[in-house]
1. Looking at A296, A280, can you tell me which residue is more than 15 Å from the chain's Cα centre (by Cα), surrounded by 14 or more Cβ atoms within 10 Å (Cβ to Cβ), under 28 Å from L49 (Cα atoms) and among the small types (G, A, S)?
2. Give the number of residues within region 185-200 that are part of a helix (DSSP H, G or I), acidic (D, E) and touching a residue at least 24 places away in the same chain (Cβ under 8 Å).
3. Output the residues belonging to region 208-224 that are surrounded by fewer than 17 Cβ atoms within 10 Å (Cβ to Cβ), part of a loop (DSSP other than H, G, I, E, B) and within 23 Å of the chain's Cα centre (by Cα).
4. Looking at (1) of a type in the set (A, V, I, L, M); (2) surrounded by 13 or more Cβ atoms within 10 Å (Cβ to Cβ); (3) at pLDDT 95 or above, find the lone condition where A7 falls short.
5. Touching a residue at least 12 places away in the same chain (Cβ under 8 Å), more than 13 Å from the chain's Cα centre (by Cα), farther than 28 Å from H232 by Cβ and assigned to a loop (DSSP other than H, G, I, E, B) - does that describe any residue in region 109-117?
6. So which of A265, A237 ends up being surrounded by 15 or more Cβ atoms within 10 Å (Cβ to Cβ), in a helix (DSSP H, G or I), out of contact with any Phe, Trp or Tyr (no Cβ under 6 Å at 6 or more places or on another chain) and touching a residue at least 40 places away in the same chain (Cβ under 8 Å)?
7. I need the full set of residues from region 195-248 which are of a type in the set (F, W, Y) and touching a Ser or Thr at 6+ places or on another chain (Cβ under 7 Å), in order please.
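The values are calculated or read from the model by the stated rules, or taken from the named source; none is laboratory data. Values in this document were obtained by computation on a predicted structure and should not be read as measured data. Neighbour counts run over all protein chains shown; Cβ positions are idealised from the backbone, glycine included.
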Amino acid sequence: MSLRKAAPALATPTNEGMTHFPLISASELRDRLADPAAKTLVADCSFELADPAAGRRAYDAGHVPGAVYVHLEEQLSAAKTGRNGRHPLPKRAQFAAAMAAWGADDDTLVVGYDNAGGMYAARLWWMLRWVGHGAAAVLDGGVAAWKAEGGPLVVAEPGAHRRGGFSLRASLAPIADYAAVKANVDSGERLVLDARAPDRFRGENETLDPIGGHIPGAVNRLFRDNLGADGHFKPAAQLRAEFERLLGGRSGAAVISQCGSGVTACHNLLAMEVAGLHGAALYPGSWSEWCAQPGAAIATGAQA
């Protein structure tokens, strides 16, 4: 049974540490937005790697009423140095301050969506948990599901926000840095799960990073495999079975998720949460950081 269908409707969060199912349906979101007592902030995370301005254009053409626009490279990333990956994380305090500026409080449910199967909204979801905010969800099916449900789109941006009381709290999302991933190549204690396309994993057709290949010992799980033909996440039981075949008896906490730059890796982390496999870590720098380090081991070809 799909988690999105089996889960009860999300209640208004009241406690700082409470968490929610990571997916919310379009009908549930419509109900929340119609309820003045349900504190909800909607964030449009639409983006295109090849055209960084495309997401903003899509937002301007029509977005969920009241949604703010969150830019991957402006709000969900920090400056690049050439060695820290293509989408390095900002400071935790900086991101928490941005959430407060958008009007979020510690008990606001923040719902992210995009036009790309959740690949960018999942980054927002993960970062919210990273700064200690458990009241975070991704709109299952994105803007297409919203429209299919009869949800309206508007072109007007929301008015000025009062500054919210969003605070920086203990992280709910573990991280593995370059040193930890490098040590893991030798120890093999944790499974490194690579969310990129199989050809890029093999070191073929690399167009985003200067070197092709993958971290030695990594296993490939294309993030789009988390979705069904309808663009929604697969049922929880199906996701669990698919991930467990890769995990080989390991727990979720024994996984390091990575991709090209720490974005689509969050999609796999979201899917694992849906599947009930908790505690996996993100390698934020991912392949774009790894391949920029002098002497970093690189593997090519299919996984063993």
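1. A296
2. So the count comes out to 0.
3. Hit for region 208-224 is L208, nothing else.
4. So A7 meets the others, but not (3).
5. No, region 109-117 contains no residue that is touching a residue at least 12 places away in the same chain (Cβ under 8 Å), more than 13 Å from the chain's Cα centre (by Cα), farther than 28 Å from H232 by Cβ and assigned to a loop (DSSP other than H, G, I, E, B).
6. A265
7. Within region 195-248, just F223 meets the criteria.
Per-residue answers, yes or no, for (1) modelled with pLDDT of 95 or more; (2) in contact with a helix residue (DSSP H, G or I) (Cβ under 8 Å, 6 or more places away or on another chain); (3) over 16 Å from A296 (Cα atoms):
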| residue | (1), (2), (3) |
| --- | --- |
| V192 | yes, yes, no |
| A195 | yes, yes, yes |
| R202 | yes, no, yes |
| L227 | yes, no, yes |
| G231 | yes, yes, yes |
| P235 | yes, yes, yes |
